[in-house]
Amino acid sequence: ASNELRTNALSSVRYAEFCLPSCHYGYNKANHIGKDLVPFLSRYMPHLQTLRLWRPDDFLFTTMVTLWYLKHYHSERYIASELNLNRSTVNYFLSEVVNILHACVYPELISIPADIGNRRTPHEPQQHHKLIVDSTCIAIPEPHEAEQRRAYYHGKSPTNYAFKVQVACDFHHQIVHVSDCYHGSVHDITILRESGLLEHVNDSVQIIGDKGYIGEEYVVTPRKKPHGRELTNEDKEFNYQINSARAAIENINQRLKTYGILGGVYRGDIDDFHKMTRITKVVSALCNMNLNKHPVPRHVIVFEQDLCQLIKELKEFTFLDIYGEIHYEKVKAYRSMVQTRFPHSRVDVEISRFRLWL
């Protein structure tokens, strides 16, 4: 009797929403659009026309949106409009997720190995050269007040004003230390001395830096040209080795700038150094991550099977709308699959949404 009542009550449904543990992400049964959802719909909602699926608004989803924000640095207004959320909600979870990543992920991915003095790194100029340090700038708009303009001035910034942060890496191109953010005018060696990095150096652990770090013990810098004389061949060879080694940190600075929030012009509060420090450290941790490759072809095949079954069983079905994480590598594959299987349909696939109009 209860089954008959359920069938009668749901048979006229044209629109339905479901919250699923996973829509696109994961392995095994989680690859499917819900383990039993398609059979359920075909049995109890044969006249369904519109289906909307949600992932729970949990840490995984908000983290995905936060990573999207850090990478592309879209405005909060734009993100809110794309996800149909309030701007205040977007601001809240972006801030909270950055705080969580800073507290939990950064310490796991950014640290100076305890045994660094004993590690063998064959590509270094000398066996005691273990770390490479450099500063990078994060551009900001021109401040209104003259005092702030003096404090934030940085000639290498595209706007001439910036935050400055110091990054250290090893010879495996892994970031091992990130300083707090400073005004752009603060000297590199001042940041180094206040960063705590020098606590880790000694005779067997020395740092390679540029000429901005001249004068600090255990920091190896290029040799300056003597007044009125040329560098010796030995000095030139030494400088060549040092500058070649510094290519690692320059490469890392370029990787950091691929994140729009660091590579563009920062739009946030320029007086909030704590927030900018957290953001920089989170992005640095992300640069250290070796993301596991998702088995894209298998996921696409599974999703294609579910999608075809859904459309086959529901004769009146016209619109599918899925909110949830779609790995960036799958976006193109999903779009191509739909265009091939359903050439007369319209599809919109993004990293946080899948929409199909039949």
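The values are calculated or read from the model by the stated rules, or taken from the named source; none is laboratory data. Since we're looking at a predicted model, the values are computed, not measured. All Cβ positions, glycine included, derive from the backbone under ideal geometry; neighbour counts span all protein chains shown. Heads up: the accessible areas ignore ligands, DNA and RNA and are worked out on the full protein's heavy atoms, side chains in. Shrake-Rupley method; radii C 1.70, N 1.55, O 1.52, S 1.80 Å.
Of note:
- Segment 259-273, residues that are without any contact (Cβ under 8 Å) to a residue 24 or more places away in the chain and open to solvent by 60 Å² or more (accessible area, probe 1.4 Å): Asp269, Asp271
- Residue in segment 183-192 that is among the polar types (S, T, N, Q), surrounded by 17 or more Cβ atoms within 10 Å (Cβ to Cβ), more than 22 Å from His74 (Cβ to Cβ) and more than 28 Å from the chain's Cα centre (by Cα) present: no
- Looking at segment 247-358, the helices (runs of 4 or more DSSP H) lying wholly inside it that each contain 2 or more residues that are modelled with pLDDT of 85 or more sit at 247-257, 260-263, 273-288.
- Across segment 213-252, the qualifying residues are those that are out of contact with any helix residue (DSSP H, G or I) (no Cβ under 8 Å at 6 or more places or on another chain) and small (Gly, Ala, Ser), and the one among them that is farthest from Cys287 (Cα to Cα) is Gly228.
- Verdict on Val283 being within 22 Å of Asp188 (Cα to Cα) and open to solvent by 30 Å² or more (accessible area, probe 1.4 Å): no
- Scan of segment 75-89 for residues that are under 28 Å from Arg255 (Cα atoms), without any contact (Cβ under 8 Å) to a residue 24 or more places away in the chain and open to solvent by less than 60 Å² (accessible area, probe 1.4 Å), ordered by number: Glu76, Ile79, Ala80
- For Ile132: the one exception among (1) modelled with pLDDT of 95 or more; (2) within 24 Å of the chain's Cα centre (by Cα): (1)
- In this entry, Asn243 is excluded by the filter for residues that are part of a helix (DSSP H, G or I), more than 30 Å from Gly268 (Cβ to Cβ) and touching a Leu at 6+ places or on another chain (Cβ under 8 Å).
- Scanning segment 226-258 for residues that are open to solvent by less than 50 Å² (accessible area, probe 1.4 Å), farther than 16 Å from Gly209 by Cβ and in contact (Cβ under 8 Å) with a residue 60 or more places away in the chain gives a single hit, Leu256.
- Residues being open to solvent by 60 Å² or more (accessible area, probe 1.4 Å) and either touching a strand residue (DSSP E or B) at 6+ places or on another chain (Cβ under 8 Å) or farther than 22 Å from Tyr266 by Cβ (or both) - total across segment 139-173: 9
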